[in-house]
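Novice: Before anything else, here's the structure in question.
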Amino acid sequence: MTDRRQFILSSTALLAGAAAPSLARAQAQGYPSRPIKYICPWPAAGATDIVQRKLAESAGKILKQSIIVENKPGAGGTMGAIELVNAKPDGYTLAQIPYGVFRIPHMQQVTYDTLTDFTWIICLTGYTFGLVVPVDSPVKSIKDLVAWAKANPEKFTYGSPGTGTSPHLAVEEFAQKAGIKLNHIPFKGSAQNIQAIMGGHVMGTSDATSWGPMVDSGKLRLLAVYGSKRVKRWPDVPTLNELGYETVADSPYGVCGPKGMDPAVVKIIHDAFKKTLDDPAVLAMFDQYDQTVIYMDTAQYTKYARESFFAEKATIERLGLTNKG
């Protein structure tokens, strides 16, 4: 009797195991059956918001379903990550998770685990970051900034889209290597950051290229960019790297979901967003904001996330910014 019962239980388990992939495929075949929420953890009208809306529009056409971008700014761009922790892993809540999730946990207590709480679905692009000042500023170059800051320690104020963001950390790394101390003023995203410099509330701004139109119109001066090479839009502007400060930042990003997502649904989302990289409208928007295609599939993006988390731990410790209270 016992042997018969064990045989039945074993057979049932085998049948259930065999049926599981079929059930997952059946569920995936019906996905998406309703609108998808795609969280932008930055304010409306900033570069990330505008690019993310174009990606959502393009992927929505491919999926034949609306992808609604919802802005949740604050916390250094990590509000999307915070929301994903409590979201159902059904593919109907996605988010842009910025590079800050790899470093902020080493700086302060957070409510998420970067290594276990997310599904890293696809990486799509990255930023051009740079440091700008008003055109009438006495600081005309990075050399001028270093000299001015040495003569006036902690007096040069610069804005960023938030503490722990790449535009913040890149300047702090540069400042450490230049032997200067600057005064960081964090904002809740690019829109506020640009408003601050245009309103004369800070002396400089470190951010992605939301400042581009003001540089092109002659209202702001671009001192340096943070990529590994110069930007074709401003070919005369040096990189911090070539100036000898060994600072590179481009912060790749894409689409993430909660942990525990059905791999079949993940593949549907991945494939739809990958196709957006062939959309001329998306590529034109990348060009407008000086972003390049940085594609990683799910496995590559997951590996990149893990490696970046530990690399940022070393950077934060080197900069002396570890403070978890």
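Novice: Counting only helical runs of four or more DSSP H residues, what would the 222 nm mean residue ellipticity of the chain come to if each run contributes -39,500 (n - 2.57) and the total is spread over all its residues? Working shown, then result.
Specialist: Details: 11 runs with 138 residues, N = 325.
Dividing the helical sum by the residues of the chain leaves -13500 deg cm²/dmol.
Novice: May I ask what percent, to the nearest 5, of DSSP beta bridges between residues of the stretch 129-245 are antiparallel?
Specialist: Here the share of antiparallel DSSP bridges comes out near 55 percent.
Novice: Whole-Hz ³J(HN,Hα) for each residue in the stretch 180-191, computed from phi via Karplus 6.51 cos²θ - 1.76 cosθ + 1.60 with θ = phi - 60°, x for glycine and proline: what do you get?
Specialist: Taking θ as phi minus 60°, the curve returns 10, 10, 10, 10, 7, 10, x, 10, 8, x, 5, 4 Hz for the stretch 180-191.
Novice: So which trypsin sites (Lys or Arg not before Pro) in the stretch 23-86 are both in a DSSP loop and have at most 11 other Cβ atoms within 10 Å of their Cβ?
Specialist: LYS64
Novice: Right, another one. May I ask for the angle, rounded to the nearest 10°, between helix 47-63 and the longest principal axis of the chain, with both axes built from Cα atoms and the value confined to 0 to 90°?
Specialist: 30
Novice: Taking the Cα atoms only, what angle lies between the long axis of helix 2-29 and the longest principal axis of the chain, rounded to 10 degrees?
Specialist: Once rounded, the angle reads 50 degrees.
Novice: Next question, about the same structure. Mind checking the dipole of the chain: about its Cα centre, +1 per Lys or Arg Cβ, -1 per Asp or Glu Cβ, Debye to the nearest 20?
Specialist: In total the dipole reaches around 340 debye.
Novice: Are there any GluC sites (Glu not before Pro) in the stretch 152-243 that are in a DSSP loop and have at most 11 other Cβ atoms within 10 Å? List them by number. Don't jump to the answer; show the numbers that get you there.
Specialist: Working: sites: GLU154, GLU172, GLU173, GLU242; in loops: GLU154.
In loop regions of the stretch 152-243 (DSSP not H, G, I, E or B), the sparsely surrounded GluC sites (Glu not before Pro) are GLU154.
Novice: Regarding the stretch 129-245, what whole-number volume in Å³ per residue does the convex hull of its Cα atoms give?
Specialist: 88
Novice: Scan around GLY46 for amide H atoms under 5 Å from its own, H built in the peptide plane at 1.01 Å from N, and keep only partners 5 or more places away or cross-chain.
Specialist: Close amide H contacts, sequence-distant or interchain: ALA191.
Novice: As I understand it, the dipole of the chain uses +1 on the Cβ of Lys and Arg and -1 on the Cβ of Asp and Glu, about the Cα centre. Which of ALA299, LEU145, TYR245 lies farthest toward its positive end?
Specialist: ALA299
Novice: Taking H placed 1.01 Å from N in the peptide plane, check which residues at least 5 places from PHE129 or on another chain put their amide H under 5 Å from its amide H.
Specialist: Result for PHE129 returns TYR226, GLY227.
Novice: Using alpha carbons only, how many angstrom separate the centre of the stretch 186-234 from the centre of the stretch 243-294?
Specialist: 22
Novice: For the chain, with the dipole built from +1 on Lys and Arg beta-carbon atoms and -1 on Asp and Glu ones, taken about the Cα centre, which of ALA95, TYR112, SER33 lies farthest toward the positive end?
Specialist: Most positive-ward Cα: SER33.
Novice: Hey, what angle do you get for helix 263-276 against the long axis of the chain, alpha-carbon based, 0 to 90 degrees rounded to 10?
Specialist: Taking the Cα atoms of the chain, the angle to 263-276 is about 40 degrees.
Novice: Also, I was wondering about something else. As a test, work out the antiparallel percent of DSSP beta bridges whose residues both lie in the chain, rounded to the nearest 5.
Specialist: 55
Novice: Dipole of the stretch 129-245, Cα-centred, from +1 at each Lys and Arg C-beta and -1 at each Asp and Glu C-beta, to the nearest 20 debye?
Specialist: Here the stretch 129-245 has a charge dipole of around 120 debye.
Novice: What number comes out for the charge environment of SER66, summing +1 per Lys or Arg and -1 per Asp or Glu over other residues with Cβ under 11 Å away?
Specialist: Net local charge, SER66 excluded: +3.
Computed from the coordinates by the stated procedures, all read-outs in this text should not be read as laboratory data. Keep in mind it's a predicted model, so treat the numbers as computed, not measured. Positions of Cβ are backbone-derived with ideal geometry, glycine not excepted, and every protein chain shown enters the neighbour counts.
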